[in-house]
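Engineer: Starting off with a structure, shown below.
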Amino acid sequence: LTHAYPADELAPISCVGVNTFGAKHGLAVTLIDALDSAAVFGNFTMFERGVRRVVDDVSFDVDAHVSVFEMNIRVLGGLLSAHMLASDANTGFAIDWYDGELLALAKDLGERFLPAFDTPTGIPYGSINLKTGVDANETRITSTATAGTLILEFGMLTKLTGDARFR
């Protein structure tokens with residue numbers, strides 16, 4: 001948070017934030033990806049502070065061309081796991097002011113991914129523009145492994161939202 005936020009990643013030598021996911025102002029990818037790590041390390045203060053930053057500052061309504069795979073495992077997965085931690089008193093990381101905002105962001109991101117699945121096989125395109133959808137020149141080359149890795153996050157998104165479009 002000190003050196004890179006809201007940039008996507010921290011350059012390790014310069015300690016400068018870099019936006020590697022295409023959004024001009026960053027999507028806070030590493031912060032979202034690390035929220036559950038703060039819980040694993042037992043740092044409630046850092047977890048709550050990170051959740052507050054994401055809730056207050058992150059929006060996916062940006063003109064950014066992103067990898068479906070990377071955004072799925074790092075951002076969608078991070079939002080879902082942090083939501084489950086923040087909303088369940090049994091985890092020890094429930095946040096009293098939290099009202100499902102991370103799940104709402106996860107659903108928004110999942111909806112932005114849906115056009116990527118509009119392919120002859122249902123195996124998604126490798127990348128998508130978060131604002132405009134699949135580029136007309138997007139390559140049809142994709143990987144079944146990439147499609148397979150989406151099952152966990154999309155299954156959980158379906159379970160938590162009740163929205164069968166993510167199955």
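The values are calculated or read from the model by the stated rules, or taken from the named source; none is laboratory data. All of these numbers come straight from a predicted model, not from anything done at the bench. All Cβ positions, glycine included, derive from the backbone under ideal geometry; neighbour counts span all protein chains shown. Calculation scope for accessible area: heavy atoms of the full protein, side chains included, ligands and nucleic acids excluded. Shrake-Rupley method; radii C 1.70, N 1.55, O 1.52, S 1.80 Å.
Engineer: Put +1 on the Cβ of every Lys and Arg and -1 on every Asp and Glu Cβ in region 1-131; which of VAL68, ALA86, THR45 then has its Cα farthest towards the positive end of the dipole?
Structural biologist: VAL68
Engineer: Further question: Between the alpha-carbon centers of region 136-157 and region 1-51, tell me the distance in whole angstrom.
Structural biologist: Cα centroid to Cα centroid, the span is 24 Å.
Engineer: Please give the length that would be gained between SER59 and ASN90 if that part of the chain were fully extended, namely 0.36 nm times their separation in residues minus their C-alpha to C-alpha distance (nm, one decimal).
Structural biologist: Extra length available between SER59 and ASN90 comes to 8.3 nm.
Engineer: Now a separate question. If each of THR119 and THR2 carries a label point 7 Å out from its Cα toward its Cβ, how far apart are those two points in nm?
Structural biologist: Going by the 7 Å Cα→Cβ label model, 4.3 nm.
Engineer: From largest accessible area down, sort LYS107, LYS24; use a 1.4 Å probe on the protein chains.
Structural biologist: So the residues, ranked largest to smallest area, are LYS24, LYS107.
Engineer: Would you mind telling me which residue in LEU109, LEU76, LEU152 has the biggest mean-square fluctuation in a Gaussian network model of the chain, where springs connect alpha carbons within a distance under 10 angstrom?
Structural biologist: The residue with the greatest mean-square fluctuation here is LEU152.
Engineer: If you count only protein heavy atoms with a 1.4 Å probe, what accessible area per residue comes out for the chain, rounded to a whole Å²?
Structural biologist: For the chain, the per-residue accessible area is 52 Å².
Engineer: Which of the chymotrypsin sites (Phe, Trp or Tyr not before Pro) found in region 1-108 are loop residues per DSSP with 12 or fewer other Cβ atoms within 10 Å of their Cβ?
Structural biologist: Sites meeting the loop and neighbour criteria: PHE41, TRP97.
Engineer: Ignoring any ligand, DNA or RNA, what whole percent of the accessible area of the chain comes from carbon and sulfur when the probe is 1.4 angstrom?
Structural biologist: 54 percent
Engineer: Output the Cα-based Rg and Dmax of region 25-90 in Å, rounding Rg to one decimal and Dmax to a whole number.
Structural biologist: Here Rg and the maximum Cα pair distance are 12.0, 38 Å.
Engineer: Shifting gears a bit: With runs of 4+ DSSP H residues as the only contributors, calculate the mean residue ellipticity of the chain at 222 nm using -39,500 (n - 2.57) per run, divided by the residue total and rounded to the nearest 500.
Structural biologist: Calculated mean residue ellipticity at 222 nm is -13000 deg cm²/dmol.
Engineer: For TRP97 and LYS159, calculate 0.36 nm times their separation in residues minus their Cα-Cα distance, and state this gained length in nm to one decimal.
Structural biologist: Gain on stretching TRP97 to LYS159: 20.0 nm.
Engineer: Test of understanding: what is the full-extension gain from ILE141 to VAL18, defined as 0.36 nm times their sequence separation minus their Cα-Cα distance?
Structural biologist: Going from the current span to full extension adds 41.5 nm.
Engineer: Given a Förster distance of 41 Å, report the FRET efficiency between PHE41 and GLU111 from their Cβ-Cβ distance, rounded to the nearest 0.05.
Structural biologist: Working from the Cβ atoms, E equals 0.80.
Engineer: What are the DSSP H helices in the chain that stretch 24 Å or more along their long axis, judged by alpha-carbon atoms, and whose average Kyte-Doolittle hydropathy comes to at least -0.5?
Structural biologist: Span-like helices, by this rule, are 144-161.
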